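Just so it is clear, none of the values below were taken in a lab; they were calculated from the coordinates. Values in this document were obtained by computation on a predicted structure and should not be read as measured data. Cβ placement follows ideal geometry from the backbone for every residue including glycine, while neighbour counts extend to all protein chains displayed.
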Amino acid sequence: MSHEPEANSTYRGRYAPSPTGRLHLGNLRTALLAWLHARLSRGRFILRIDDLDTPRNKPGSIEEIIADLHWLGLDWDEGPDIGGANGPYLQSGRLDHYEKFFDQLKTAHLIFSCTCSRKDVQLAQSAPNAGQIEPIYPGTCRPPEGWSQQAAANRTPVSWRFLTRDITITSQAELSEPTTVKLDKTIGDFVVKRKDGLYAYQFATVVDDGLMGITDIVRGSDLSDSMLRQVALFDALGFSRPCFLHAPLMHDSLGGRMAKRDGSDSLEAWKSRDRAPEPLIGELASSCGLMDTAYPISCQELLERLNLEDLLRSMSAARKSAAALNPA
Ligand code: GLU
Ligand code: ZN
């Protein structure tokens, strides 16, 4: 019997794809899980398009993403196609917000300008740890104690880094034990504004999630390494921390990591074999333990058959089996 939670007016979840190409089946499964989590929590669900990294955007991709999510049967309460009180829902339209919060960090001396090249930072570290998304910053341009932003601004700014000195935070992952980490030692000062002038993903996503009042972030585990940087930024910008839930990534038929390309696993190929979404939803749901065996089902029917505990249990089990297959 499905358990009906109380209507929850505070829950706000989101799906935030980058328009770098067509969604693949793994992206769709993550979107489905984020949607189920929001709907089972009786919360609001927001679609945001992370189109800030303009060199990587593909023309037409935003429209394709929206059409594919609709085809699958997902819906949202705020988004680029329907608007809402917290728009715009394309990051490219939110530069004023990023600028304002960037200035706030600057005034608070929480960021500093850095002239190091990517290569300088890489060379300073002999062996990056497995799974690390960037080498630990060696601290070359870190300002001395008692610095003033004036002095920093006189250097040629190449990129701007968040100063992680003395920051200790507790992991917010819903499915793992809370852990306390020294950010400066494990991650290092990370880039919030790139040398090409673009705001970094870590920074923009936190400004948006903060301003949009996101309480729960459900996304792929390829982003779990970003969580600690983002928690530090939520704190620094004065937003409350959301709950993070990282879903295991789906593998392609050869066991490799899925990419946004056309192939036998692509949505394109799936749609040309089967015009209706129900068989695919059944496959996606059974691939992460939401159904024992795959049979055609709509998103709405799947929602009605599940409760939040089922969803969390199967995501947790899928994470464990993914970890067993890919030990760190
Ligand atoms: N736009 C990011 C991506 O597609 C996801 C952002 C997020 O969920 O935090 O990888
Ligand atoms: Zn530097």
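Could you give each residue of region 30-44 its phi-based ³J(HN,Hα) in whole Hz, using Karplus coefficients 6.51, -1.76, 1.60 with θ = phi - 60°, and x for Gly or Pro?
Along region 30-44, the couplings run 5, 4, 4, 5, 5, 5, 4, 4, 5, 5, 5, 8, 6, x, 9 Hz.
Under a 5 Å amide H to amide H cut-off, with H placed in plane at 1.01 Å, what residues pair with Ala200 once short-range neighbours are removed?
HN-HN under 5 Å from Ala200: Lys193, Arg194.
By average Cβ neighbour count within 10 Å, what is the ranking of 223-236, 294-307 from highest down?
With the highest mean Cβ count within 10 Å placed first, the list reads 223-236, 294-307.
Mind ranking 69-80, 200-211 by how tightly packed they are, going by the mean number of other C-beta atoms within 10 angstrom, highest first?
200-211, 69-80
Please report Rg (one decimal) and Dmax (integer) in Å for the Cα set of region 12-131.
Rg and Dmax of region 12-131, Cα atoms, are 18.1, 49 Å.
Given H placed on each backbone N at 1.01 Å, which residues far from Leu163 in sequence or on other chains put an amide H within less than 5 Å of it?
Ile111, Phe112
For region 47-113, take every pair of Cα atoms, bin their distances at 5 Å starting from 0, and report each bin as a whole percent.
Final binned percentages: 3, 14, 19, 19, 17, 11, 7, 6, 3, 0.
Taking amide H positions as placed in the peptide plane 1.01 Å from N, state which residues far from Glu78 in sequence (5 or more) or on other chains have amide H under 5 Å from it.
When sequence neighbours closer than 5 places are left aside, the close amide H contacts are Phe45, Leu47.
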